[in-house]
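*Asks:* The following block contains the structure, expressed as structure tokens.
The values are calculated or read from the model by the stated rules, or taken from the named source; none is laboratory data. Given the structure is predicted, the values throughout are model-derived calculations rather than measurements. Here Cβ is always computed from backbone atoms with ideal geometry, including for glycine, and neighbour counts include all displayed protein chains. Heavy atoms of the whole protein, side chains included, go into the accessibility calculation; ligands, DNA and RNA do not. Shrake-Rupley method; radii C 1.70, N 1.55, O 1.52, S 1.80 Å.
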Amino acid sequence: MHPTTLFAIDGLLTEEEREIRSTVRRVCDRDLRPNLTTWFEEGAIPARELARQFGALGVLGMHLEGYGCAGLGAVSYGLACLELEAADSGLRSLVSVQGSLAMYAIWRYGSEEQKNEWLPPMAAGERIGCFGLTEPDFGSDPAGMRTSAKRDGSDWVLNGTKMWITNGSVSDVAVVWAQTEEGIRGFLVPAGAPGFTARDLKHKVSLRASVTSELVLDGVRLPQEAMLPGARGLSGPLRCLNEARFGIVFGAMGAALDCLETAIAYAGEREVFARPLASFQLTQEKLADMALELGKGLLLAVHLGRLKEAGTITPEQVSAGKLNNVREALEIARTCRTILGASGITLEYPVIRHAVNLESVLTYEGTSEIHALVLGKALTGHAAFA
Ligand SMILES: Cc1cc2nc3c(=O)[nH]c(=O)nc-3n(C[C@H](O)[C@H](O)[C@H](O)COP(=O)(O)OP(=O)(O)OC[C@H]3O[C@@H](n4cnc5c(N)ncnc54)[C@H](O)[C@@H]3O)c2cc1C
């Protein structure tokens, strides 16, 4: 029995949602999986080519309405994230950052001119975007950011450094959040703007099939029209992060599912003490426990998707989903790794790649500790952040 059959997950999905899932899975199997080991080992992906492929597949900003976006439901978007992350968290990150951070910021807070200029080519994957909130000294506490935007006549001049920015060096536009006299505001910084540089961060052992960069803004002069008119204060970027986190609730379960499928197949073939590894009780207990966590995580993801479609989902509920599903996915990846024994440490199997990728997923879009604190505040009424 397939682990998802145990929980009859498919019965919760519409035909269209199942179709979208199959389409994304087919493309992952055909075009992505055969290259993943190389991309991961080399720490380099053909980002532009991939973006165009994802654009053609229709997954970039697929949950947004208009401007060349598909306007699909939250569960469809989640299932696409699940299939992409079953391939590699880095590829899901490319899609999440493009659609849920960069495009969403423009879609939600941009002017009509900004939307018309950027969203159609970004949906098609002809243009890539990134989202610069984190700084070297401010990750979990972005309110302290030092990047500043100061008025100079009718222009804005930006100075500062953004760190750990996914898609940074391959982006055509960076959504950069900066302190102004009127609080935190968002700016669209085009690649090639004088004073703007993006440098890749090297030596990562996690999310190697993903571009991660440092953005330096050294007196970058932008016109007033570069500012996102609809975003004021930290709630602007935080709302974007909530969108991306939702995709992770599903995505992490994709990585977990790929690990579990691999471990079940391996345990069936591997003989130890003259019997299949799968026939030992300890192995079966591991598999049963993992199937339970996977099933519960998928049920939670679909439930949150339906709440999102109904427009009633709260940020705390997204935090609950992200905290639980990433934590459990990581645990599943680690346990699957033990089932594979020494083979589990090689890239011949996807498990160790998922495990190290999930370490990043545990940290970005709000660390597990911060999401625990969000839930702690919701449960007690006391904020324990500071
Ligand atoms: C691969 C990757 C890609 C990323 N992509 C992007 C991107 O595209 N755009 C972007 O803006 N950012 C991105 N990030 C940054 C990411 O969002 C931050 O790393 C994250 O918010 C944590 O910030 P930090 O690394 O500075 O850790 P810190 O904030 O320094 O936290 C260090 C530790 O302290 C804990 N901690 C912090 N505050 C508290 C507290 N109040 N109580 C208890 N514990 C606490 C944290 O949970 C963590 O365990 C990315 C990160 C990675 C690894």
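*Asks:* Using a Förster distance of 22 angstrom, determine the FRET efficiency expected from the C-beta separation of Ser154 and Arg232, and round it to 0.05.
*Replies:* After rounding, the FRET efficiency stands at 0.70.
*Asks:* What net charge is computed for the residues neighbouring Arg199, neighbours being all others with C-beta under 12 Å from the C-beta of Arg199, Lys and Arg scored +1, Asp and Glu -1?
*Replies:* Overall, the nearby charge balance is 0.
*Asks:* Give me the angle, in degrees from 0 to 90, between the Cα long axis of helix 368-380 and the longest principal axis of the Cα atoms of the chain, rounded to the nearest 10.
*Replies:* 80
*Asks:* Mind listing the long-range amide H neighbours of Leu72? Cut-off is under 5 Å, sequence gap 5 or more, other chains count too, H placed in the peptide plane at 1.01 Å from N.
*Replies:* So Leu72 has HN proximity to His63, Leu64.
*Asks:* Using the heavy atoms of the protein chains and a 1.4 angstrom probe, tell me the accessible area per residue for segment 159-204 in square angstrom.
*Replies:* Computed with neighbouring chains in place, this is 42 Å² per residue.
*Asks:* At a Förster radius of 41 Å, what calculated FRET efficiency corresponds to the Cβ-Cβ distance of Asn116 and Ala8, to the nearest 0.05?
*Replies:* Calculated value: 0.40.
*Asks:* Another one. How much of Trp164 can a 1.4 Å solvent probe reach, expressed as accessible area in Å² and rounded to 10?
*Replies:* Accessible area of Trp164: about 150 Å².
*Asks:* Tell me the label-point distance for the pair Glu16, Ser343, using the 7 Å Cα-to-Cβ offset, in nm and rounded to one decimal.
*Replies:* For the pair Glu16/Ser343, the computed spacing is 4.2 nm.
*Asks:* Now for a separate question. If each residue of separation counts as 0.36 nm, what is the full-extension length gain between Glu49 and Thr23 once their alpha-carbon separation is subtracted?
*Replies:* Between Glu49 and Thr23, full extension yields 7.5 nm more.
*Asks:* What list of ³J(HN,Hα) couplings, whole Hz, do you get for segment 72-80 from phi and the Karplus terms 6.51, -1.76, 1.60, once you set θ to phi - 60° and write x for glycine and proline?
*Replies:* Rounded to whole hertz, the list is 8, x, 5, 5, 4, 4, x, 5, 5.
*Asks:* Let me ask another. What residues qualify as long-range amide H neighbours of Ile184, i.e. H under 5 Å apart, gap of 5 or more or another chain, H built at 1.01 Å from N?
*Replies:* Under 5 Å from the amide H of Ile184: Gly233, Leu234.
*Asks:* For segment 266-364, what is the relative contact order in percent, using Cα pairs closer than 8 Å and at least 6 residues apart in sequence?
*Replies:* Relative contact order for segment 266-364 comes out at 22 percent.
*Asks:* Could I ask something else about it? Contact order normalised by length for segment 1-143, with contacts defined as Cα pairs under 8 Å and 6 or more residues apart; what percent is it?
*Replies:* 27
*Asks:* Given a Förster radius of 35 Å and the C-beta distance between Glu181 and Val205 as r, what FRET efficiency does 1/(1 + (r/R0)^6) yield to the nearest 0.05?
*Replies:* After rounding, the FRET efficiency stands at 0.25.
*Asks:* Across segment 130-139, in residue order, what do the Karplus-derived ³J(HN,Hα) couplings come to in whole Hz, using 6.51 cos²θ - 1.76 cosθ + 1.60 with θ = phi - 60° and x for Gly and Pro?
*Replies:* For segment 130-139, the Karplus curve yields 9, 9, x, 10, 5, 10, x, 9, 9, x Hz.
*Asks:* A further question follows. What residues of segment 344-371 lie in the reach of a label at Ala384, counting those whose backbone N is under 11 Å from a point 7 Å from the Cα along Cα→Cβ?
*Replies:* Under 11 Å, as judged by backbone N against the label point of Ala384, lie 370 of segment 344-371.
*Asks:* For the chain, give me every cysteine whose Cβ has no other Cys Cβ within less than 4.7 Å, ordered by residue number.
*Replies:* When partners are defined as cysteine Cβ atoms under 4.7 Å apart, the chain leaves Cys28, Cys69, Cys81, Cys130, Cys240 without one.
*Asks:* In degrees between 0 and 90, to the nearest 10, how far off the longest principal axis of the chain does helix 315-339 point, with axes built from Cα atoms?
*Replies:* Helix 315-339 sits at roughly 40 degrees to that axis.
*Asks:* What accessible area per residue, rounded to a whole number of Å², is obtained for segment 317-379 using a probe radius of 1.4 Å?
*Replies:* So segment 317-379 comes to 39 Å² accessible per residue, rounded to a whole number.
*Asks:* Sticking with this structure for a sec: What residue among Val216, Val361, Val326 shows peak mean-square fluctuation when the chain is described by a Gaussian network model with Cα springs under 10 Å?
*Replies:* Top of the fluctuation ranking is Val216.
*Asks:* Given an 8 Å cut-off on Cα distances and at least 6 residues of separation, report the relative contact order of the chain as a percent.
*Replies:* Relative contact order for the chain comes out at 18 percent.
*Asks:* For the chain, give the magnitude of the charge dipole about the Cα centre (Cβ charges: +1 Lys/Arg, -1 Asp/Glu; no others), in debye to the nearest 20.
*Replies:* 320
*Asks:* Once you order the gyration tensor axes a ≥ b ≥ c over the Cα atoms, which shape class does segment 180-315 get: rounded for a/c under 1.5, otherwise prolate or oblate by comparing a/b with b/c?
*Replies:* Since a/c reaches 1.5 but b/c is at least a/b, the shape of segment 180-315 is classed as oblate.
*Asks:* Expressed as an acute angle from 0 to 90° and rounded to the nearest 10, what is the orientation of the C-alpha long axis of helix 351-363 relative to the principal long axis of the chain?
*Replies:* Relative to the chain, helix 351-363 is tipped by roughly 40 degrees.
*Asks:* Mean-square fluctuation check for the chain, GNM, Cα pairs under 10 Å: which of Ile165, Ile313, Ile45 is largest?
*Replies:* Ile313
*Asks:* For segment 248-263, just list the computed ³J(HN,Hα) in residue order, Karplus coefficients 6.51, -1.76 and 1.60, θ = phi - 60°, integers in Hz, with x standing in for Gly and Pro.
*Replies:* 5, 4, 6, x, 4, 5, x, 4, 5, 5, 4, 5, 5, 4, 5, 5
*Asks:* Straight-line reach from Lys115: which aspartates and glutamates have a Cα under 16 Å away, not including same-chain ones fewer than 8 places off?
*Replies:* Straight-line reach from Lys115, under 16 Å: Glu65, Glu126, Asp172, Glu225.
*Asks:* Now, a different point. Express the carbon and sulfur contribution to the solvent-accessible surface of segment 238-386 as a percent, rounded to the nearest whole number, probe 1.4 angstrom.
*Replies:* Its accessible area is 58 percent carbon and sulfur atoms.
*Asks:* Whose amide H sits under 5 Å from the amide H of Arg127, counting only residues 5 or more places off or on another chain, with H placed in the peptide plane?
*Replies:* Met122
*Asks:* A follow-up question, please. Please list, or write none, the lysines whose alpha carbon is within less than 22 Å of the alpha carbon of Lys162, excluding same-chain residues fewer than 8 places away.
*Replies:* Of all the lysines, those that pass the test against Lys162 - Cα under 22 Å, at least 8 places apart if same chain - are Lys150, Lys202, Lys204.
*Asks:* Quick check: at a probe of 1.4 Å, how many percent of the accessible area of segment 34-87 sits on carbon and sulfur atoms?
*Replies:* With neighbouring chains kept in place, the figure for segment 34-87 is 47 percent.
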